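Quick note: the coordinates plus some simple rules give every number you see, no bench work behind them. It should be emphasised that the depicted structure is a prediction, and the values quoted were computed from it without experimental measurement. Please note: Cβ atoms are built from the backbone with ideal geometry, for glycine as well, and neighbour counts cover all protein chains shown.
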Amino acid sequence: MSEFKLTEEQQMLREMVRDFARNEIMPIAHKIDEDEKIPPELIKKLAELGLLGVAFPAEYGGGGFGEVGYCIMQEEISRACLSTATFIGAHQSIGTNAIYVGGSEFLKKKYVIPLAQGDMIGAFCLTESQAGSDSFNVRTNARLEGNEWVINGDKLWITNGGLADVISVFARTERGVSAFVVETKMDGFTAGPAEKKMGIRGSTTNAITFCNVRVPKENLIGSEGRGFLVAMKTLDAGRLGLGACCLGASKEMLELSTKYAKERVQFDQPIANFQAIQFMLSEMAMIIFNMESIVYRTAAEYDAKKNVSTHSAMVKLYCSEGLDRIVDFAVQIHGGMGYSREYPIERFYRDSRINRIFEGTNEIQKGIIARDVLKRNGVM
């Protein structure tokens, strides 16, 4: 990664997170998957290390490492456990970040600081039954009554929904889609049971119901009717973080596959000697090189306050599809061992599939990219 010229502080962050992930997360990753939950004591350790707010400025309780630092952290966490990385992403990159990118100074001081320090857990609440890819079509509504917003409606597939203390919620008002900070202790807020999922099973996902939830007027994020813009700007960072997660998991798959190929003997020689295996390893390495390049290039652009909507869509699209190809190679190289639940390859194979769906499906990312291509070439 010398081409990205990481600072000494960024390199120290990587080494610290790598050690923590290897020593504290990797040994229990299988249990996290089997138990379908992240242990509270692990969340506490993440908070104590400052990893739940690593991207935010120190004045808001964070580590001041920006998006590049956040991607470094998520890359290393994902080598150990994608469920844990998903929990962190929902909490920090979209749940808390929505308040940071669009909220008033009052909201930042009241909520971002405790969220970044891990005293509260955050979530991002946008998806509904009729508003998945069509995220502008939210039916959850909010009406202003005196000094309070009253929210009613239902949300689906909310990561951290059953764990969160604070949720960034998107609802329709008279002026369009608006964003609000909702505390889950407020009357009328209900989180349903955790969903039973194929992958990232340790990451809690819930349906949410709002029944006359009364939210203080000042908990509006930004201006009324501007919530969709807050959501899209937040997802720019979310998609970058997802790309970093795919990068980390891919590196782990390549390392495990290379080690296995050198150790596994067939026809009186290591399978690493066979061209078929070598071609798979070389393609894995090529995809990883490209992933790393676009993830950190775009993260640096984000930190420089550039518009990265198209580039973050490219990161999400390329990295999620790249990881799927890499984990498939990893299973093939490991053969039957790759299909066994006793080995991490099988878990990574299940965990990787969601990346092409959440944070905006890959089809949506292609649409974002295509619109930019057409616009830049004078068609639109």
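Among Phe170, Phe136, what is the fewest-to-most ranking by other Cβ atoms within 10 Å? Let's see the in-between values first.
Numbers: Phe170 27, Phe136 12.
Ordered from fewest to most neighbouring Cβ atoms within 10 Å, Phe170, Phe136 come out as Phe136, Phe170.
For an R0 of 22 angstrom, estimate the FRET efficiency from the Cβ-Cβ distance between Gln11 and Arg341 and round to the nearest 0.05.
0.05
Counting Lys +1, Arg +1, Asp -1, Glu -1, what net charge surrounds Arg14 among other residues with beta carbon under 9 Å of its beta carbon? Spell out each step's value before the answer.
Values: positive: Arg18; negative: Glu15, Glu75, Glu76.
After counting each charged neighbour, the total is -2.
Collect residues whose amide H, placed 1.01 Å from N in the peptide plane, falls under 5 Å from the amide H of Glu128; neighbours closer than 5 in sequence don't count.
Here Leu156 satisfy the definition.
Using a cut-off of under 19 Å, list every residue of segment 123-149 whose amide N is near the label point 7 Å from the Cα of Leu374 along the Cα-to-beta-carbon line.
133-136
Taking Cα pairs under 8 Å and at least six residues apart, what relative contact order does the chain come out at, in percent?
Values: 709 pairs, mean separation 61.2, N = 380.
Relative CO of the chain lands at 16 percent.
Return the label of the correct value of mean projected area of the Cα convex hull in nm², as calculated from the structure shown, out of (1) 19.4; (2) 30.0; (3) 16.7.
So the structure-derived entry is (1).
Tell me the label-point distance for the pair Phe267, Met232, using the 7 Å Cα-to-Cβ offset, in nm and rounded to one decimal.
Those two pseudo-labels are separated by 5.5 nm.
Is the shape of segment 192-249 rounded, prolate or oblate, going by the alpha carbon gyration tensor and its root eigenvalues a ≥ b ≥ c, with a/c under 1.5 for rounded and a/b larger than b/c for prolate?
Working: a/c = 3.70, a/b = 1.31, b/c = 2.83.
Oblate, because a/c is 1.5 or more while a/b does not exceed b/c.
Express the relative contact order of segment 88-220 as a whole percentage, based on alpha carbon pairs under 8 Å and six or more residues apart in sequence.
Details: 283 pairs, mean separation 33.4, N = 133.
Dividing the mean separation by the residue count of segment 88-220 yields 25 percent.
Hey, what did segment 2-116 get for relative contact order, percent, Cα under 8 Å, at least 6 apart? List each step's numbers first, then the result.
Working: 106 pairs, mean separation 32.9, N = 115.
For segment 2-116, the relative contact order is 29 percent.
Using modelled amide H (1.01 Å from N, peptide plane; none on Pro or chain starts), what sits under 5 Å from the amide H of Ile221, excluding residues fewer than 5 places away?
Counting only residues 5 or more places away or on other chains, the set is Ala179, Phe180, Val181.
Using the Cα centre of segment 178-322 as the reference point, and only Cβ charges (+1 on K/R, -1 on D/E), how large is the resulting charge dipole? Debye, rounded to the nearest 20.
Details: 17 positive and 15 negative charges, 56 e Å.
Charge dipole, segment 178-322, about its Cα centre: 260 debye, nearest 20.
Sum up the charges of everything whose Cβ sits under 15 Å from the Cβ of Glu36, counting Lys and Arg as +1 and Asp and Glu as -1, but leave Glu36 out. Mind showing how you got there, number by number?
Details: positive: Lys31, Lys37, Lys196, Lys197, Arg201, Arg341, Arg347, Arg350; negative: Asp33, Glu34, Asp35, Glu195, Asp351.
Within the 15 Å Cβ shell, the charges total +3.
About the Cα centre of segment 155-205, what is the dipole size in debye to 20, counting +1 per Lys and Arg Cβ and -1 per Asp and Glu Cβ, all else neutral?
Details: 7 positive and 5 negative charges, 54 e Å.
Dipole about the Cα centre, nearest 20: 260 debye.
Convert each backbone phi in segment 306-313 into a coupling constant with the Karplus relation 6.51 cos²θ - 1.76 cosθ + 1.60 (shift: θ = phi - 60°), then list the ³J(HN,Hα) values in order as whole Hz, x for Gly and Pro.
Values, residue by residue: 7, 6, 10, 4, 5, 5, 5, 5 Hz.
Kirkwood Rh, segment 229-376, all Cα pairs: how many Å?
Values: mean 1/r = 0.0616 Å⁻¹.
Evaluated on segment 229-376, it is 16.2 Å.
Is there a quick way to get the dipole size of segment 122-225? I mean about its Cα centre, with the Cβ of Lys and Arg at +1 and of Asp and Glu at -1; what is the value in debye to the nearest 20? Please report the intermediate quantities before stating the final value.
Numbers: 11 positive and 12 negative charges, 60 e Å.
Using only the charged Cβ atoms, the result is roughly 280 debye.
Could you compute the FRET efficiency for Gln275 and Arg139, with r as their C-beta to C-beta distance and R0 at 35 Å, rounded to 0.05?
Calculated value: 0.05.
By counting other Cβ atoms within 10 Å of each Cβ, how are Ile354, Ile99 ranked from fewest to most?
In order of increasing Cβ crowding within 10 Å: Ile354, Ile99.
Just rank Asp33, Asp351, Asp303, fewest to most, by other beta-carbon atoms within 10 angstrom.
Numbers: Asp33 23, Asp351 29, Asp303 16.
The order, fewest Cβ neighbours first, is Asp303, Asp33, Asp351.
Using a basic spin-label model with each label point 7 Å from the Cα along Cα→Cβ, how many nm lie between Ile357 and Asp154?
Roughly 1.8 nm, to one decimal.
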